[in-house]
Amino acid sequence: MTHDGRRLLAQVVNKNRTSLADHRCHIARVSEGRAGRADSRLIDAIDSAGLRGRGGAGFPTAIKMRAVVENRKTPVVVVNGTEGEPVSVKDAVLMRLQPHLVLDGAAIAATAVGANEIHVCIERNNVAAIKSIELALLERAQCEPSSVVVHVHGTPPRYVAGEETALIHWLNGGDAKPTATPPRPFERGVGGRPTLVDNVETLAHVAQIVHNGPSWFRETGTQDEPGTALLTVGGAVAHGAVYEAPIGTPLAHILARAGTPSGVRAVLVGGYFGSWIAGDQLKTAALSNASLRPRGGGLGCGAVMVLPERCCGVVESTRVMRWMAMETAGQCGPCVNGLESIAATMSHIAMGSAQPEALQWLDRWALQVDGRGACKFPDGAMRFLRSALLAFGPDFLAHASGRVCADVEMPKVLPIPNVAPGWR
Amino acid sequence: MKPRIVVDMISCVGHRLCADLFPERITLDDWGYPIIDASAIPPELLSHAKRTIEACPTLALRLDKLR
């Protein structure tokens, strides 16, 4: 590990992309396996490293791999670089600067489960990442012939398109919308074959674990959540950028590194499907699921968004909820109707024109919507809503009774992207 | 093996028949979609549950065996 704690980004010099030749000075190629035959030693190494997925859910990677292997058919590997979180760019930066680390990880995952096919999925507007991966595949085709076929796909720019059943449905020719489960991807995925879907950062860690060994991986991070994580730090900070830090790093350390000249009202940890940290918790919270889950949150995609001291948390949370209501796939009644009702009511509260019962409705709907979609999208939206009501409780009360705070006039902080039409 | 009712929320469009037929386990949310009580269905209610599942116009309900 380098002195500043970087691992995945250690080889990156002056924000330049690492070529295959440079990459191979640091990491040797892992020999390929045979299609249909799993390599349990690789899965064991990932298991003893204790690697958890970095796409948001934090599920143990080795367990996913073993589930895929249990099936008889030859598996498929899907590399998830869709990164639909509006405030996360860590996967984009990783693919742009370290494409070979990601592709090494994908190749190792394919060998581990006995797959002969890899699908790299990147949101189609993310042209820089797509070009970097395609160039990397050209470099590899010239120097390192492989029997594993790799396809690169530009996916629809919708948040839920990156959910694993949505991604598989789209790869199979359908809309990029989540499907009912079971079957789960490890049972029946791309082309009906068992499918391993892993986030790009997860796979980059896989490559380093296999090269350096599981005990090296555990030298940093925490016992339950070893290793480093990529963090997209933005909002009211002096140096917004992608940082790499050991899991368990105190939130305050990251804020100090990024610089917070306008003060800190609250921090949104884990992206739009994460949760707000405010008040005393800003001093005590650490960037790990162990620290954040008891507070109702999680590390999620590792995005850390800072609201400045002068800023209205009610307005910022309402804008995000409005975006969530637009990003629903429109399939499940409680999600479609619930998010719309909640966003509309929050708008009324933010503007000081709410009915007296508005806050009670939000509490009631948060309970009614949670856990009632085919995917976890509405659950994430309700987690965000609950944390907003908790972090900005007095502000919500004031707005709901018509006393709109002066900070509503301050510049907005959280970016709200346009919602693109179309699901193919 | 304990049976319980499961809904495929993508298939459900909110016809609301289920809540009328099986109020013991199914209520409606504020938009008319079923909220399922996933606790085990006792033997005396089982035929009742099966009739409800068959009555769903979109076939969005099924019986799941809870271990």
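The values are calculated or read from the model by the stated rules, or taken from the named source; none is laboratory data. Not measured: the values here are computed from a predicted model. We place every Cβ from the backbone using ideal geometry, glycine too, and count neighbours over all the protein chains shown. To get the accessible areas, we keep the full protein, side chains included, count just its heavy atoms, and leave off ligands, DNA and RNA. Shrake-Rupley method; radii C 1.70, N 1.55, O 1.52, S 1.80 Å.
Keeping every protein chain in place, order A:Val93, A:Val127 by accessible area at 1.4 Å, biggest value first, i.e. largest first.
Per-residue accessible area, sorted high to low, gives A:Val127, A:Val93.
Compute the accessible area per residue over the range B:2-66, keeping the other protein chains in place, probe 1.4 Å, unit Å².
For the range B:2-66, the per-residue accessible area is 53 Å².
For peptide A:366-373, compute the average count of partner chain beta-carbon atoms within 10 Å of each residue's beta-carbon.
Averaged over the peptide's residues, the number is 3.
Collect residues whose amide H, placed 1.01 Å from N in the peptide plane, falls under 5 Å from the amide H of A:Val78; neighbours closer than 5 in sequence don't count.
Hits under the 5 Å cutoff: A:His119, A:Leu196, A:Val197, A:Asp198.
Explain nothing, just the number: dipole magnitude of the range A:1-159 about its Cα centre with +1 on each Lys and Arg Cβ and -1 on each Asp and Glu Cβ, in debye rounded to the nearest 20.
100
I'd like to check one number: the per residue accessible area of the range A:60-148, probe 1.4 Å, reported in Å² as a whole number.
Accessible area per residue, the range A:60-148: 36 Å².
Check which residues have an amide H placed less than 5 Å from A:Arg52's amide H, if you skip close sequence neighbours.
A:Thr61
Between the helical axis of B:46-55 and the dominant principal axis of chain B, each derived from Cα atoms, what acute angle in degrees is found, rounded to the nearest 10?
30
Going from the alpha-carbon gyration tensor of the range B:2-66, what semi-axes, largest first and in whole Å, does one get by taking the root of 5 times each eigenvalue?
One finds semi-axes of 18, 11, 11 Å for the range B:2-66.
Return the sequence-ordered ³J(HN,Hα) values of the range A:20-25 in whole Hz as given by the Karplus equation 6.51 cos²θ - 1.76 cosθ + 1.60 applied to θ = phi - 60°, using x for Gly and Pro.
4, 4, 5, 4, 6, 5
Give me a single rounded figure for A:136-145: the average over its residues of other chain Cβ atoms within 10 Å of their Cβ.
If you average over the peptide's residues, the count of other-chain Cβ atoms is 0.
I'd like the interface area for chains A and B: accessible area of each alone minus the complex, both sides summed, 1.4 Å probe, protein heavy atoms only. What is it in Å² to the nearest 100?
The A and B chains share an interface burying roughly 1100 Å².
Looking at A:Asn199, A:Pro378, A:Leu339, which one has the Cα that reaches farthest to the positive end of the dipole of chain A (charges on Cβ: Lys, Arg +1; Asp, Glu -1)?
Most positive-ward Cα: A:Asn199.
With +1 on each Lys and Arg Cβ and -1 on each Asp and Glu Cβ, and nothing else charged, work out how big the dipole of the protein assembly as shown is about its Cα centre, in Debye to the nearest 20.
Computed about the Cα centre, the dipole is about 620 debye.
Within chain A, which complete DSSP H helices have Cα atoms spanning at least 20 Å along the helix axis and a mean Kyte-Doolittle hydropathy of 1.0 or higher?
Span-like helices in chain A: A:99-113.
Could you work out the mean count of beta carbons from other protein chains within 10 Å of each residue's beta carbon in A:177-183?
For peptide A:177-183, the averaged partner shielding equals 2.
Is there a quick way to get the dipole size of chain B? I mean about its Cα centre, with the Cβ of Lys and Arg at +1 and of Asp and Glu at -1; what is the value in debye to the nearest 20?
The calculated dipole for chain B is roughly 340 debye.
Using a 1.4 angstrom probe on heavy atoms only, work out the carbon and sulfur share of the accessible area of chain A in %.
That share works out to 52 percent.
Note down the net charge around A:Met382, summing +1 for each Lys or Arg and -1 for each Asp or Glu among other residues with Cβ under 12 Å from its Cβ.
Around A:Met382, the surrounding residues sum to +2.
Among DSSP beta bridges whose residues both lie in the protein assembly as shown, state the antiparallel percentage, nearest 5.
Just about 55 percent of them are antiparallel.
For A:Ile416, A:Ile130, A:Ile277, what's the largest-to-smallest order of accessible area, 1.4 Å probe?
Sorted descending by solvent-accessible area, the residues read A:Ile416, A:Ile130, A:Ile277.
Once phi is turned into ³J(HN,Hα) by the Karplus curve 6.51 cos²θ - 1.76 cosθ + 1.60 with θ = phi - 60°, what whole-Hz value does each residue of the range A:259-272 show in order, with x for glycine and proline?
x, 10, x, 9, x, 10, 7, 6, 10, 8, 9, x, x, 5
Take A:Ser275, A:Ser40, B:Ser11 and sort them by solvent-accessible surface of the protein heavy atoms, 1.4 Å probe, largest at the top.
Ranking A:Ser275, A:Ser40, B:Ser11 by accessible area, largest first, yields A:Ser40, B:Ser11, A:Ser275.
Helix-only estimate, please: 222 nm mean residue ellipticity of chain A, summing -39500 (n - 2.57) across DSSP H runs of length 4 or more and dividing by its residues, to the nearest 500.
The helix-only estimate for chain A comes to -12500 deg cm²/dmol at 222 nm.
Over all Cα pairs of the protein assembly as shown, how is the pair count split among 20 Å bins, expressed in % and running from 0 up to the last occupied bin?
For the protein assembly as shown, the pair-distance distribution reads 23, 53, 23, 1.
Return the single residue from A:Leu138, A:Leu94, A:Leu339 with maximal mean-square fluctuation; model: Gaussian network over chain A, springs between Cα atoms under 10 Å.
Its mean-square fluctuation being the largest, the pick is A:Leu138.
Below 8 Å, C-alpha to C-alpha, sequence gap of six or more: please give me the relative contact order for chain A in percent.
Averaging sequence separation for qualifying contacts and normalising by length gives 17 percent for chain A.
Under a GNM of chain A (C-alpha, springs under 10 Å), which listed residue has the highest mean-square fluctuation: A:Ile247, A:Ile63, A:Ile46?
Of A:Ile247, A:Ile63, A:Ile46, the most mobile in the Gaussian network model is A:Ile63.
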